[in-house]
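K.L.:
Have a look at this one.
The values are calculated or read from the model by the stated rules, or taken from the named source; none is laboratory data. Note that this is a predicted model, so its numbers are computed, not measured. Cβ: placed from backbone, ideal geometry, glycine included. Neighbour counts: every protein chain shown.
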Amino acid sequence: MAVRSESTESIHVCLVADDDVVERFPGFIRYLQIGLIDDPIDFTLVAPDHPRTDSLTAGSTKLLQYRKLPSLFRGFALRSIASDVRKSLASRNKKGALLIHSLSLSSTPLAAQIAQSTGADLIINVASRSAVNDPHLMPYLAQAAELVTPVHAVEKAIHQSSFSDKAAETVPYGVAAGSDAAAFRGADHTPTVLATGPLEPDTGIDALIRAVAKLKPEYPDLATFIIGKGPYEPELRRLAKSLGLGSNVMFTGRLEHLRSAMSAGDIFCVPKSFPYFREEPIHAMALGLLLIIAKDAIHDGLIHQHNAILVPDGDDVAITAAIADALRDRENARKIALAAQEHVRKHHTISGMVARYQQIYAKLAGPRRTFAINSPQPSGTKRV
């Protein structure tokens, strides 16, 4: 990385987040800032007023918080926030290239408004294959100078869509791998299954609960932790209770230190594929848990019986068999978990992720080296 110099014209990146980003990708935001702290890149983080937001900044990053966007007059609120962000950027009185980086699809409307207000290029992180055909998102994707995806399946969907000529690049999510695999480290400890995600209908958590019920006669002490919140939680609790799993299935809500909780588990289960990328399976692999995951999941590099166990989507019979096989042959399960951890070390390094983003920022900033952050606001943008 380049050593920061006061005489070096900097790149200023405005990271735009919403509640979804703060909940799902806090590590990514911190890794990115820390990884580029010695480069001539400055950050501003635009994020919601959220309990976690204060912990997301690193180095000299400036935090700009906004209140939750109202459902009514949403457009007015977006323009107002964008105006405030532009004024804050201008007050820093720095010259160089300004880039607006939307960290999720749901934060893109605000990021696009800020980009329009400042005249800056827009980068969008796209973590869903269906986004390229979403009529609400397509205008924003068309506006972007660069689309960045966490997995090749999303990049492929972009190239096969009406955005085939758009610059798009896969940057694998970077995480820190543990020094040893968590799965079945001790011979005498109670085996533990973990699952995370929004507790909503059609996410497969009910299939996992039914699988645990089938396993209980042989493994009465099997502990399962469901981490997350959502409207379907009461229904899932009723299901667990009706199957006699009151002492086997625990609902924890959202956890502040998710990786610490995951490191105490043995098996991480994704019973049904999500239409978008989630970071938790990568963390599970990094920590050395046995990953049992729906075979249609969009994660890259998963090989059945090598670094993961792939099961049909939402199939409680297959999930039951996969967990039972792991509990009966813990040595093999641990071998698969170690292979998963090695996969992360090779393909999901933090340094590799940071280097790729540095290259993207530098590429887009090149033509805009003389851009001033306090340049005049483009005509047609409404001030609030």
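K.L.:
Show the residue pairs that are 6+ apart or on different chains and have beta-carbon atoms under 6 Å apart, the first residue being within region 338-361 and buried (at least 22 other Cβ atoms within 10 Å of the Cβ), the second being in a helix (DSSP H, G or I).
P.N.:
The qualifying pairs are ALA340/MET285; VAL344/MET285; VAL344/ALA286; HIS348/ILE282.
K.L.:
Could you tell me whether region 126-137 includes any residue that is surrounded by 21 or more Cβ atoms within 10 Å (Cβ to Cβ) and either at positive phi or modelled with pLDDT of 95 or more (or both)? Show your work before the answer.
P.N.:
As a first pass, look at region 126-137 and keep what is surrounded by 21 or more Cβ atoms within 10 Å (Cβ to Cβ): 126-127, 129, 131-132.
After this cut, where a residue has to be either at positive phi or modelled with pLDDT of 95 or more (or both) as well, the list is 126.
Yes, region 126-137 has at least one match.
K.L.:
Of (1) more than 26 Å from ALA131 (Cβ to Cβ); (2) outside any helix (DSSP H, G or I); (3) acidic (Asp, Glu), ASP296 satisfies all except one. Which?
P.N.:
(1)
K.L.:
Give just the number: which of (1) among the acidic types (Asp, Glu); (2) within 20 Å of PRO312 (Cα to Cα); (3) surrounded by fewer than 16 Cβ atoms within 10 Å (Cβ to Cβ) does GLU235 not satisfy?
P.N.:
Against the list (1) among the acidic types (Asp, Glu); (2) within 20 Å of PRO312 (Cα to Cα); (3) surrounded by fewer than 16 Cβ atoms within 10 Å (Cβ to Cβ), GLU235 comes up short only on (2).
K.L.:
In this structure, does ALA213 turn out to be surrounded by 14 or more Cβ atoms within 10 Å (Cβ to Cβ), among the hydrophobic types (A, V, I, L, M, F, W, C), under 25 Å from ILE292 (Cα atoms) and more than 23 Å from the chain's Cα centre (by Cα)?
P.N.:
Working: surrounded by 14 or more Cβ atoms within 10 Å (Cβ to Cβ): yes; among the hydrophobic types (A, V, I, L, M, F, W, C): yes; under 25 Å from ILE292 (Cα atoms): yes; more than 23 Å from the chain's Cα centre (by Cα): yes.
Criteria met by ALA213.
K.L.:
Take the conditions within 24 Å of LYS156 (Cβ to Cβ) and polar (S, T, N, Q) and apply them to SER247. Does it pass? Spell out the reasoning first.
P.N.:
Numbers: within 24 Å of LYS156 (Cβ to Cβ): no; polar (S, T, N, Q): yes.
So SER247 does not fit the description; no.
One line per residue, one yes/no per condition, for (1) at pLDDT below 95; (2) part of a loop (DSSP other than H, G, I, E, B); (3) assigned by TED's automatic domain parsing to the domain that holds ARG24:
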| residue | (1), (2), (3) |
| --- | --- |
| ARG185 | yes, yes, no |
| LEU199 | yes, yes, no |
| ALA211 | no, no, no |
| ARG238 | no, no, no |
| LYS241 | no, no, no |
| LEU255 | yes, yes, no |
| SER260 | yes, no, no |
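K.L.:
Right, here's the next one. Could you check region 80-108 and list, in sequence order, the residues that are closer than 30 Å to ASP296 by Cβ and crowded, with 21+ Cβ neighbours inside 10 Å?
P.N.:
Here is the first cut: in region 80-108, the ones closer than 30 Å to ASP296 by Cβ are 101-108.
Across region 80-108, the qualifying residues are HIS101, SER102, LEU103, SER104, LEU105, SER107, THR108.
K.L.:
Residues of region 52-110 being assigned to a helix (DSSP H, G or I), of a type in the set (S, T, N, Q) and modelled with pLDDT of 85 or more, which ones? Give the steps one after another, and end with the answer.
P.N.:
Residues of region 52-110 that are assigned to a helix (DSSP H, G or I), as a first pass: 53-56, 74-91, 108-110.
Checking which are of a type in the set (S, T, N, Q) leaves us with 53, 55, 80, 83, 88, 91, 108.
Of everything in region 52-110, those that are assigned to a helix (DSSP H, G or I), of a type in the set (S, T, N, Q) and modelled with pLDDT of 85 or more turn out to be THR53, SER55, SER80, SER83, SER88, THR108.
K.L.:
Then there's this: Please name all residue pairs, on different chains or six or more residues apart, with Cβ atoms under 7 Å, provided the first residue is in region 94-122 and is farther than 21 Å from TYR31 by Cβ and the second residue is part of a loop (DSSP other than H, G, I, E, B) and basic (Lys, Arg).
P.N.:
ALA97/ARG369
K.L.:
When region 302-324 is examined, which residues are found to be more than 17 Å from TYR219 (Cβ to Cβ) and among the polar types (S, T, N, Q)?
P.N.:
Those that are more than 17 Å from TYR219 (Cβ to Cβ) and among the polar types (S, T, N, Q): GLN305, ASN307.
K.L.:
Restricting to region 304-354, and then to whatever is hydroxyl-bearing (Ser, Thr, Tyr) and assigned to a helix (DSSP H, G or I), can you tell me which residue is farthest from ALA211 (Cα to Cα)?
P.N.:
Pass one, region 304-354, residues hydroxyl-bearing (Ser, Thr, Tyr): 320, 349, 351.
Those still in the list that are assigned to a helix (DSSP H, G or I) too: 320, 351.
Details: THR320: 5, SER351: 39 Å.
Across region 304-354, the extreme among qualifying residues is SER351.
K.L.:
Any idea how many residues of region 268-299 are closer than 15 Å to ALA339 by Cβ and of a type outside the set (Phe, Trp, Tyr)?
P.N.:
Summing the residues that are closer than 15 Å to ALA339 by Cβ and of a type outside the set (Phe, Trp, Tyr) in region 268-299 gives 13.
K.L.:
What tally of residues in region 236-263 results from selecting those that are out of contact with any Leu (no Cβ under 9 Å at 6 or more places or on another chain) and free of Cβ contacts under 8 Å to residues at least 40 places away in the same chain? Walk me through it before giving the result.
P.N.:
The first filter runs over region 236-263 and keeps only residues out of contact with any Leu (no Cβ under 9 Å at 6 or more places or on another chain), leaving 237-238, 240-244, 246-247, 250, 252-258, 260.
Then keep just the ones that are free of Cβ contacts under 8 Å to residues at least 40 places away in the same chain; that gives 237-238, 240-244, 246-247, 250, 252-253, 255, 257, 260.
Number of matching residues: 15.
K.L.:
Between THR170, THR149, THR108, THR118, which is hydroxyl-bearing (Ser, Thr, Tyr), over 23 Å from the mean Cα position of the chain (by Cα) and in the same structural domain as PRO26 (by TED's automatic domain parsing)? Walk me through it before giving the result.
P.N.:
Working: THR170 fails: over 23 Å from the mean Cα position of the chain (by Cα); THR149 fails: over 23 Å from the mean Cα position of the chain (by Cα); THR108 fails: over 23 Å from the mean Cα position of the chain (by Cα).
On inspection, the qualifying residue turns out to be THR118.
K.L.:
Now, a different point. Right, ASP202: more than 17 Å from the chain's Cα centre (by Cα), among the charged types (D, E, K, R) and under 29 Å from LYS346 (Cα atoms) or not?
P.N.:
Answer is no for this residue.
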